[in-house]
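Heads up: the structure comes next, in structure tokens.
Computed from the coordinates by the stated procedures, all read-outs in this text should not be read as laboratory data. It should be emphasised that the depicted structure is a prediction, and the values quoted were computed from it without experimental measurement. Virtual Cβ from ideal backbone geometry, glycine too; neighbours counted across all protein chains shown.
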Amino acid sequence: MTNPLVERILTGETQAQVKRAAAKGALPLSPEEFIELWVLLRNDEDPEVRIACKESLAALKEEEWDALLPGYEFHPEVLDFAIRVLGKNAQIRRAALKNRGVPVETLEWLGETGGGDVLDLMLDNQVRLLQEPSILEAILRNRTLSTSQVRRIYDLVEQFFRTHPQIPGLLERRFGLKLGAAGGAFTMSMPEAGGVPVGPEAIHPPIQPPVAPGIGAEEPAGAQAGLDYEALELPPEALVEEELSADQYKSLYQQILTMSIPAKIELALKGNKEARGLLIRDSNKVVQEAVLDSPKLSELEIESFARQRNLSEDLFRKMARNKEWTKRYSVVKSLVANPKVPIGLVLQFLPRLTDLDLKLTIKDRNISEAIRREARKLWDARNSRKVATYKKK
């Protein structure tokens with residue numbers, strides 16, 4: 001907080017009338033400053049201030065919270081209040097989680113008690129998990145983790161937390177997933193499989209990178225020579241700004257094969273569309289998700305990814321959760337037409353299809369029968385209304 005008036009009110013350096021006016025929203029302050037005051041004074045010793053603050057907070061609309069929470073440097077108690085007290089509202093909770101200032105203790109509490117989309121959002125924030133491993137520990141104690149979420153956690157632990165004193169043990173005790181020795185092969189002892197060691201391909205089958213024009217199937221010499229990433233790094237302008245020629249694309253592809261996971265993540269976030277197009281097919285889900293986190297990602301790329309049939313369900317769910325991407329009709333249409341997209345996601349987008357695309361969906365034998373059946377119901381409902389309207393005229 002930088003407003004001296006706000007600081008004086010909170011430290012008790014102003015008259016009681018000023019504090020009461022602030023509680024009622026009757027001072028020349030910004031909406032963000034009022035929210036801070038109302039949250040921090042809602043348990044004030046003055047009953048008039050307490051009541052006025054709670055009434056002011058209750059009067060705030062969901063849209064106001066959604067607009068203000070993500071970007072402002074709120075006092076940590078405000079963000080804690082938004083998540084613990086107002087968090088039953090999914091939109092407010094999501095907005096608060098976008099703020100980088102959420103206290104670690106709050107995220108630990110949410111990781112252990114939250115569920116469903118909440119955990120997905122927290123696992124999306126890989127940077128915070130790497131900075132604060134205790135959040136991942138809390139998530140591992142959560143009793144509602146889904147299979148796909150456990151798989152995502154396993155990838156993170158295998159790549160970044162092998163030597164952590166607590167996390168690998170938690171993963172093994174709760175799910176029977178055991179990491180091998182660092183730098184060597186690893187196995188997962190799955191209780192469901194009777195303790196038989198299962199290789200990582202059982203969870204994440206390796207995805208073969210695409211072959212660009214002019215790229216052969218032979219293994220690049222660099223992969224056998226053990227060249228390090230620093231020596232192989234392309235000039236920034238080749239990775240970020242320019243369209244790559246066939247030779248540059250081949251060079252990029254060969255370099256990616258020799259990169260470490262952290263280097264791939266950095267390239268996914270900062271690289272160009274060719275790099276993202278290769279990395280979205282990487283066998284490591286953390287790398288794949290980093291591609292979707294890239295600030296350089298275009299809507300055309302998302303549309304392309306939505307059509308791909310070799311991506312994991314987690315990636316399609318992440319695409320579907322992004323409202324900016326799904327505002328684009330072509331993205332929605334691509335997700336519906338992709339037989340690899342989970343049925344639950346497809347059904348939520350069916351009503352947005354035009355009549356023509358509904359007809360195409362009904363006739364598409366590659367799409368699930370359940371989806372085609374729902375598309376037929378929608379088509380019949382729409383056209384029966386049109387016929388009834390016409391007869392009335």
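Things worth noting here:
- Whole-Hz Karplus values for the stretch 72-82 come out as 8, 7, 6, 4, x, 5, 5, 5, 5, 4, 4 Hz, taken residue by residue from phi with 6.51 cos²θ - 1.76 cosθ + 1.60 and θ = phi - 60°; glycine and proline positions read x.
- log10 of Debye I(q)/I(0), alpha-carbon scatterers only, for the stretch 298-393 at 0.12, 0.16, 0.20 Å⁻¹: -0.40, -0.64, -0.92
- In this structure, the pairs whose alpha-carbon distance is over 27 Å, taken from LYS61/LYS327; LYS61/LYS296; LYS178/LYS250; LYS250/LYS323; LYS273/LYS363, are LYS61/LYS296; LYS178/LYS250; LYS250/LYS323; LYS273/LYS363.
- Judged by the mean number of other Cβ atoms found within 10 Å, the most tightly packed of the peptides 340-350, 366-376, 105-115 leads the ranking 105-115, 340-350, 366-376.
- For the stretch 1-82, taking the reciprocal of the average inverse distance between every pair of different Cα atoms yields a Kirkwood hydrodynamic radius of 12.7 Å.
- Karplus-derived HN-Hα couplings along the stretch 84-92 (A = 6.51, B = -1.76, C = 1.60, θ = phi - 60°), whole Hz, x at Gly and Pro: 6, 8, 9, x, 5, 7, 4, 5, 5
- A Stokes-Einstein calculation at 37 °C with viscosity 0.692 mPa s, built on the Kirkwood radius of the stretch 4-147 over Cα pairs, returns a diffusion coefficient of 203 µm²/s.
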